[in-house]
Ligand SMILES: [Zn+2]
């Protein structure tokens, strides 16, 4: 039997604040003292941090450089860790100015998968 946590309700999206998916009916409460999930308090705290940048912001790359340097930066509602920021910036910095402009305009989730796909292909010696 797996433990069933009671999660806090997200203010930003439908479901648990920590993003857990316990199946068809996750237990979610609006009462903070009823939350038993160990991840929800941190997630709720993160949720109160305002975004530092959003998709299409001209300063999104600057924000990623700050995240890479170890600062807590939030883009599109997601806290970006230094490793992820570094992956995006590695691809960004290697790109042509035209491609850079395209990358900078992408939603964060697309930037991240693009970066990891390119870096993985590079590591595997994909002759592209
Ligand atoms: Zn939770």
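Read the figures in this text as sums done on the coordinates, not as results from a lab. Since the model is a prediction, treat every value here as computed from it, not as a measurement. Neighbour counts run over all protein chains shown; Cβ positions are idealised from the backbone, glycine included.
Could you tell me the relative contact order of the chain? Use alpha-carbon pairs under 8 Å, at least six residues apart, and round to a whole percent.
17
Per-residue ellipticity at 222 nm for the chain, helices alone: DSSP H runs ≥ 4 residues times -39500 (n - 2.57), over residue total, nearest 500 deg cm²/dmol?
Here the helix-only value at 222 nm equals -13000 deg cm²/dmol.
What nm value, rounded to one decimal, do you get for the distance between residue 119 and residue 102 when each label is placed 7 Å out toward the C-beta?
Computed distance between label sites residue 119 and residue 102 equals 2.0 nm.
First check a/c for the range 76-128, with a ≥ b ≥ c the square roots of the eigenvalues of its C-alpha gyration tensor; if it is under 1.5, answer rounded, and if not, answer prolate when a/b is larger than b/c or oblate otherwise.
Oblate is the answer for the range 76-128, as a/c is 1.5 or above yet b/c matches or exceeds a/b.
Could you list, bin by bin from short to long, the percent of Cα-Cα pairs of the chain in 5 Å steps?
Result, from short to long distances: 2, 10, 17, 17, 14, 13, 12, 9, 5, 2, 0, 0 percent.
Please report the antiparallel percentage of DSSP beta bridges with both residues in the chain, rounded to the nearest 5.
Bridges in the chain that DSSP calls antiparallel: roughly 50 percent.
At what distance in nm do the modelled label points of residue 30 and residue 48 sit from each other, each positioned 7 Å from its Cα along Cα→Cβ?
With each label point 7 Å from Cα toward Cβ, the separation is 1.8 nm.
Helix 82-94: angle to the longest alpha-carbon principal axis of the chain, degrees 0 to 90, nearest 10?
Orientation of helix 82-94: about 20 degrees from the principal axis.
Based on the Cα gyration tensor of the range 6-48, what are the three equivalent ellipsoid semi-axes, each the root of five times an eigenvalue, rounded to whole Å and given largest first?
Square roots of five times the eigenvalues give 14, 11, 9 Å.
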